[in-house]
Amino acid sequence: MHKTMKPWKGNAPLAWIAAFAFFMAVSWPHLSESALPFIGLRNLTTPHVGWPLALVTLFMALFLSFPSLLSRDRLLICAGFSLCLFLVVTFYVSPVAAIIFLFIGANIIRETHIPDSYKASDVKGKK
């Protein structure tokens, strides 16, 4: 039985929100010619931290937006990647900015979990 993955259930919109927020934060000094008003997120305005995180978040949002690319294994890799981003952003920027990656990773793991009853019926069918 093939389970269709539904990216718009919560993962893709969260990734797009994160990408938009990171791009706004990293371009803030260029757009407003002032410092980012949120002190905890000012590390995102440094080019060697902000731009790579914004681009990686954009790539994750793009990946999650194409259902034809999504399989259970690919989603689990994306969940691990999201949880790694959570750790990186927590240490380099702020736990507040990182929480969205924790939500994305946990939501993907929750959605891709195979219940024990499904595993048992699958094993019976193979005998």
Starting from residues that are more than 11 Å from residue 26 (Cβ to Cβ), aliphatic (A, V, I, L, M) and over 13 Å from the mean Cα position of the chain (by Cα), keep the ones in segment 40-88 and report whichever is modelled with the lowest pLDDT.
69
Reported set for segment 29-48 where residues are surrounded by 17 or more Cβ atoms within 10 Å (Cβ to Cβ), within 15 Å of residue 92 (Cα to Cα) and among the hydrophobic types (A, V, I, L, M, F, W, C) is 41, 44
Hey, residue 95 hits all of (1) more than 17 Å from residue 16 (Cα to Cα); (2) in contact with a Ser or Thr (Cβ under 9 Å, 6 or more places away or on another chain) but one; which does it fall short on?
(2)
Quick check: anything in segment 18-28 modelled with pLDDT under 90 and exposed (fewer than 14 other Cβ atoms within 10 Å of the Cβ)?
no
Would you say residue 66 is in contact (Cβ under 8 Å) with a residue 24 or more places away in the chain and hydrophobic (A, V, I, L, M, F, W, C)?
yes
Which of the residues spanning segment 72-103 are in a helix (DSSP H, G or I), polar (S, T, N, Q) and farther than 13 Å from residue 12 by Cβ?
90
The listed residue being within 19 Å of residue 109 (Cα to Cα) and touching a helix residue (DSSP H, G or I) at 6+ places or on another chain (Cβ under 7 Å), out of 53, 62, 44, 85:
85
With the requirement that a residue be assigned to a helix (DSSP H, G or I) and more than 13 Å from residue 11 (Cα to Cα), what does segment 60-71 give you?
68, 69
Applying the selection to segment 110-120, what residues are of a type outside the set (Phe, Trp, Tyr), surrounded by fewer than 16 Cβ atoms within 10 Å (Cβ to Cβ) and either at pLDDT 70 or above or in a helix (DSSP H, G or I) (or both)?
110, 113, 116, 117, 119, 120
Quick check on my filter: what residues within segment 94-110 are in contact with a Gly (Cβ under 8 Å, 6 or more places away or on another chain) and closer than 22 Å to residue 47 by Cβ?
94, 96, 97
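The values are calculated or read from the model by the stated rules, or taken from the named source; none is laboratory data. Remember, it's a predicted structure, so these values are computed and weren't measured experimentally. In this analysis, Cβ positions are derived from the backbone assuming ideal geometry, glycine residues included, and neighbour counts consider all displayed protein chains.
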